[in-house]
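K.L.:
Below is one structure. I have some questions about it.
Since every read-out is calculated from the coordinates, none of them should be taken as a lab result. Here the structure is a predicted model, which means the values were calculated and not measured. Quick reminder, even Gly has a Cβ in these numbers, built from the backbone with ideal geometry, and neighbours come from all protein chains shown.
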Amino acid sequence: MKDLTTIGIDIAKNYIQIHGVNRHGKCLIKKRIARERFLMFMANLPTCLVGMESCGGANYWATKLLELGFTVKLMSPRKVKKFVDNNKNDAKDAEACAEAVTRANMRFVPIKTKAQMDIQATHRIRSFYLKQRTALMNMIRGLLLEQGMAIPKGQAALVRKLRELLTPESIHMNDVNKATFQRLYEDLKALDEQIQQYTSALITLSEQDEHCKQIKTLPGVGPITATAIVAKIGNGSEFRKGRELPPYLGMVPRQHSSGDKHVLLGISKHGDRYIRQLLIHGGRSCLRAAMRKSKLTGEFLKQDKHSQWMRQLAERVGMNKASVAVASKNARMIIALLKNQSTFEVSLTH
């Protein structure tokens, strides 16, 4: 085992597959181990490079292996998939991890700290309640539409209509229906309270974290987006430059080019959909603010070149494409702010 240089690990719920090789690629270990015996087995091996897919539980095991002295690298499953030979099984997945982790051009996923995982958990719970609220509102709209009542878009319009229908003076519903919709209205209010609770927790976390404070100075990046990004990439040390983050989040065009023919398609939508959504919504709010500023005159407008650039971009390509472009630029600037430990200044953007 002294010649062991690289270990590939495939994580499962109850069993973990290990594939260890030497510097010539010769297999030295090929073993399936129960979860509770995994760390004991690894502690008896010489410390070396360990490659794993970034999946459920990967951050936990990576942290434990780091404590044992191993060099641990996490990789995207879709990056590892190309190294799987023919049919897929745990042994071949572990072998593919051992092969992929040694590639010089492999893109690695940052290992999350305990604080990052706590923030990520808060985001996921809040996102779950948001989906629950949207589903409940859609169900209420459908039930009311069956009774001939169409509700305008937006939560405010729905709540206003429900309050009107649930008054004792309302004759649009019988007592049975009023009792049913009263319970649905109470459920909707309970979901609102849960969402507000987790939103407040994220705002508090953003005020305590130094990286979040730096990111929040960017236009279009608030406490929710800032905490989500810090939970995903930490201090941004895995990225050499800002241009590497937009492709990581799926905010660059796909290509189908050959020879001298260059074809750019829609955005790739790889990576984290949740963060991409937050950044694009933030970019859209920036554009709307820039459009409002375009009505102003005077020295202030001349100095705000960032707003001028966004307005000209929106006029040239439209609001939707411009929103993605602003989000992509914000992602590049996020890495610059984290690496330089600075805050956003309009004068330095153009």
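K.L.:
Each label point is 7 Å from the Cα along the Cα-to-Cβ direction; what then is the distance between the points at residue 289 and residue 179, in nm?
P.N.:
5.1 nm
K.L.:
Using a Cα distance threshold of under 20 Å, what count of lysine pairs results for segment 114-208 when pairs must be 8 or more residues apart or interchain?
P.N.:
Qualifying lysine pairs in segment 114-208: 7.
K.L.:
Which whole-number percentage describes the relative contact order of the chain, with Cα contacts under 8 Å and a sequence gap of 6 or more?
P.N.:
Averaging sequence separation for qualifying contacts and normalising by length gives 12 percent for the chain.
K.L.:
Select from 205, 136, 215 the residue farthest towards the positive end of the dipole of the chain; place +1 on Cβ of Lys and Arg, -1 on Cβ of Asp and Glu, and compute about the Cα centre.
P.N.:
215
K.L.:
How big is the chain in terms of Cα radius of gyration and Dmax, in angstroms?
P.N.:
Rg then Dmax for the chain, in Å: 25.6, 84.
K.L.:
Suppose we look only past 15 Å in the calculated P(r) of segment 1-87. What percent of the Cα-Cα pairs does that tail hold?
P.N.:
58 percent
K.L.:
Anyone know which of 171, 140, 29 comes out most mobile in the 10 Å Cα GNM of the chain?
P.N.:
With Cα springs under 10 Å in the chain, the top fluctuation among 171, 140, 29 is at 171.
K.L.:
Also, quick follow-up: With a cut-off of at most 11 other beta carbons within 10 Å, and DSSP calling the residue loop, which trypsin sites (Lys or Arg not before Pro) in segment 157-253 qualify? Please list them.
P.N.:
Details: sites: 160, 161, 163, 178, 183, 189, 213, 216, 232, 240, 241, 243; in loops: 216, 240, 241.
The qualifying sites are 240, 241.
K.L.:
Give the aspartates and glutamates whose C-alpha is closer than 16 Å to that of residue 64, dropping any in the same chain fewer than 8 places away, or say none.
P.N.:
Straight-line reach from residue 64, under 16 Å: 10, 36, 53.
K.L.:
Apply the Karplus curve 6.51 cos²θ - 1.76 cosθ + 1.60, θ = phi - 60°, to the phi angles in segment 159-168 and return the couplings in whole Hz, x for Gly and Pro.
P.N.:
These are the phi-based 3J(HN,Hα) values: 5, 4, 5, 4, 4, 5, 6, 8, 6, x Hz.
K.L.:
Right, here's the next one. Need the full-extension length gain, residue 71 to residue 89, defined as separation in residues times 0.36 nm minus the C-alpha distance. One decimal, nm.
P.N.:
Length gained, residue 71 through residue 89: 4.0 nm.
K.L.:
Once Rh is set to the Kirkwood radius over Cα pairs, what Stokes-Einstein translational diffusion coefficient, in µm²/s, holds for segment 114-208 at a temperature of 25 °C and a viscosity of 0.890 mPa s?
P.N.:
164 µm²/s
K.L.:
Here's something else I'd like to know. Counting helices only, and only those DSSP H runs with n ≥ 4, report the 222 nm mean residue ellipticity of the chain as the sum of -39,500 (n - 2.57) divided by its residues, in deg cm²/dmol to the nearest 500.
P.N.:
Details: 14 runs with 192 residues, N = 350.
My calculation for the chain gives -17500 deg cm²/dmol from helical runs alone.
K.L.:
While we're looking at this one, here's another question. Expressed as a rounded percentage, what relative contact order does segment 114-208 have, with Cα pairs under 8 Å and six or more residues apart?
P.N.:
43 percent
K.L.:
With only Lys, Arg, Asp and Glu charged, each at its Cβ (+1 for the first two, -1 for the last two), find how big the charge dipole of segment 6-109 is about the Cα centre; round to the nearest 20 debye. Could the numbers behind the result be given before it?
P.N.:
Values: 18 positive and 9 negative charges, 41 e Å.
Roughly 200 debye for segment 6-109.
K.L.:
Quick query: amide H of residue 50 versus all other amide H atoms, modeled in the peptide plane; which residues come in under 5 Å with a sequence gap of 5 or more or a different chain?
P.N.:
7, 71, 72, 73
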